[in-house]
1. Which percent of Cα-Cα pairs in region B:194-341 sits in each 5 Å bin, short to long?
2. Report the number of Lys pairs in chain A whose alpha-carbons are under 25 Å apart, with separation of 8 or more residues or on distinct chains.
3. Rounded, prolate or oblate: pick one for region B:79-181, where a ≥ b ≥ c are the square roots of the eigenvalues of its C-alpha gyration tensor, a/c under 1.5 means rounded, and failing that, prolate if a/b is larger than b/c, else oblate.
4. Using protein heavy atoms only (no ligands, DNA or RNA), what is the total accessible area buried between B and A, 1.4 Å probe, nearest 100 Å²?
5. By DSSP, what percent of the beta bridges with both residues in chain A are antiparallel, rounded to the nearest 5?
6. Report the full-extension gain for the segment A:D36 to A:T5: residue separation times 0.36 nm, less the Cα-Cα distance, to one decimal in nm.
7. As a test, work out the antiparallel percent of DSSP beta bridges whose residues both lie in region A:3-113, rounded to the nearest 5.
8. If you roll a 1.4 angstrom probe over the protein chains with everything in place, what fraction of the accessible area of the protein assembly as shown belongs to carbon and sulfur, to the nearest %?
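The values are calculated or read from the model by the stated rules, or taken from the named source; none is laboratory data. Here the structure is a predicted model, which is why all the values come from computation and not from measurement. Cβ placement follows ideal geometry from the backbone for every residue including glycine, while neighbour counts extend to all protein chains displayed. Just so you know, the surface numbers come from the protein's heavy atoms only, side chains and all, with ligands and any DNA or RNA stripped out. Shrake-Rupley method; radii C 1.70, N 1.55, O 1.52, S 1.80 Å.
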Amino acid sequence: MDRETKLNAVRSKLARVVDPELDESLTELGFVESIDVDANDRVHVCLRLPTYWCAANFAFMMASDARERIAELPWVKQVLISLADHFYSDRINEGVAQGPSFAAAFREEASGELDELRAIFKAKAFERRQHEIVRYLLAREYTPEALVSMTIRKLEELDLADAEGDRLRRRYLEARWERRGETTPQSNAFVQVDGKPLALSSFPDYLARLRRTWLNTEVNGALCRGLLEARYRDEAKKP
Amino acid sequence: MYKAPSGEEFFIIDGHTHLWDGSPENQRNVHGAQFINCFYDYHKALSPADYLWPKPKFDHYSPETMYQDLFVDGYDDMAVLQPTYLTDFYKKGFNTTEQNSEMKARHPERFILNGAFDPRDGEAGLEYLEALASNYKIKGVKLYTAEWRGESKGYKLSDPWAQRYLEKCEKLGIKNIHVHKGPTILPLNRDAFDVADIDDAATSFPNLNFIVEHVGLPRLDDFCWIAVQEPNVYGGLAVAIPFIHSRPGYFARVISELLFWLGEDRLVYGSDYAIWHPRWIIEKFVAFELPDDVRKETGVNLTMQSKKKILGENLARLYGIDIEKQKALIANARPAKAVGG
């Protein structure tokens with residue numbers, strides 16, 4: 001395997017790691033500053049974030065998820081993640097390298113694990129993805145009645161004429177299958193985040209709630225991209 | 001006073017301004033340097049190119065510059081001075097009530113001077129709050145619930161000591177509690193942007209107004225949800241409003257969502273000067289119209305009346321300002337050379 005192949009393999013692993021708050025991948029967000037594979041098959045990844053103050057809990061999650069994903073590659077001997085220009089760079093880098101839990105890395109500041117926080121943002125990501133596909137379908141003459149009773153299989157089989165619809169459907173279904181409870185192809189495609197079915201009578205209110213979640217994530221993403229660009233603007237101009 | 005091309009006039013109260021010193025001489029440590037750098041990135045990310053400042057000017061600007069930007073080049077009629085102490089990062093503090101009071105002393109008719117408290121200061125802090133109230137007659141405070149302080153990871157407005165401070169505010173006639181919900185430096189395992197404590201405090205203190213700065217960004221969704229249930233919760237538009245230039249599509253969505261959940265009586269303008277300049281923000285905001293698809297989807301509109309309320313009338317109500325009387329005070333205070341043109 002040549003070096004370029006290895007670098008690409010690492011890149012595609014990183015493309016699967018998401019910022020939990022923004023529900024977008026580190027590569028899409030521009031958070032990956034550099035990737036290197038040395039002669040001993042050790043992978044070096046440098047991450048950078050929009051601000052020095054980005055919440056350390058999310059930074060830690062991304063760095064440790066990146067490490068875990070890359071370590072899945074069979075040829076990788078060691079993964080070295082470093083986070084640049086951050087208030088807690090040293091602590092996060094050290095914590096991730098040793099592979100301990102968040103609580104151990106931040107023993108004074110944190111009182112528990114990050115699972116609960118992860119679950120909150122997974123739920124928001126579910127609602128945002130659902131909003132995107134629902135809006136797409138409503139704009140294409142699918143009625144609320146049809147959506148409320150649509151099964152997962154039916155959604156999978158819909159003939160969506162363009163790539164965008166296909167992408168939104170894929171992203172939503174991925175989140176849909178991850179939801180707790182018994183899910184089969186015959187289950188409702190569109191359910192509330194806690195698994196409860198949607199009621200036609202409250203559909204407009206429900207949509208308004210989804211819209212709120214969707215917009216928040218979109219605006220955060222735009223702000224983060226703008227700040228990252230402003231922060232490293234001068235650097236990008238260097239030859 | 002801003003006069004729109006249509007002839008419509010707006011009395012403008014800027015709910016969020018600072019006179020800060022982020023200069024290298026005042027920085028206590030690397031965090032002080034990074035703090036002002038981060039502000040500068042916000043400035044660069046969302047300002048029009050014509051309004052970009054060189055970094056040294058941004059680090060530390062004079063009271064004269066501030067007056068010129070807000071009231072001469074900009075269209076503000078009045079401005080609220082919001083303090084940001086950050087004494088762990090800056091030797092003299094970044095932007096204390098005492099620093100800001102210089103502007104108030106120079107131009108009393110132009111400024112509303114706010115104070116600050118931190119419930120972790122205990123009894124001594126309560127005394128300081130009393131001193132602020134008697135020295136400066138403050139009507140509002142700015143709080144940073146996520147501020148790092150020694151071993152502490154921040155606090156919540158629902159904490160017992162915070163409740164004591166809010167009771168004290170009520171007694172002292174400090175009615176407006178501006179709460180910063182935004183970027184933090186703490187590696188908490190919980191969500192540091194959580195706005196749930198606002199809900200609790202707003203219910204416990206129905207006579208106080210809670211102005212959530214930056215409309216809870218980056219938790220706009222949760223903020224809208226608690227605000228809809230609490231009539232004494234307001235949204236401060238600082239940081240959200242400059243999107244009008246670089247991302248007008250998102251701004252349209254954000255403002256329409258806020259109008260949908262909170263309504264035009266509970267939103268207040270703030271430039272966050274010196275991060276952003278009030279001239280371009282006002283020009284663009286007054287000219288702004290919601291696109292048809294957004295109007296249709298949310299069922300709200302941003303009318304001339306909404307704009308007047310957001311730009312001045314709502315804050316005038318919160319701070320007990322009689323706009324007509326204030327116009328006269330401002331006109332009389334104008335230096336002679338300005339009157340002569």
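1. 2, 9, 17, 20, 19, 14, 9, 5, 3, 2, 0
2. Close lysine pairs under the 25 Å cut-off: 9.
3. Details: a/c = 1.89, a/b = 1.29, b/c = 1.46.
Verdict is oblate for region B:79-181.
4. Working: alone 14680 and 13360 Å², together 24310 Å².
Adding both sides of the contact gives about 3700 Å².
5. Of those bridges, close to 60 percent are antiparallel.
6. On the way: separation 31, 0.36 × 31 = 11.16 nm, distance 1.18 nm.
Result: 10.0 nm gained on full extension.
7. Working: 7 of 13 bridges.
Beta bridges within region A:3-113, antiparallel portion: roughly 55 percent.
8. Ligands and nucleic acids excluded, carbon and sulfur reach 50 percent.
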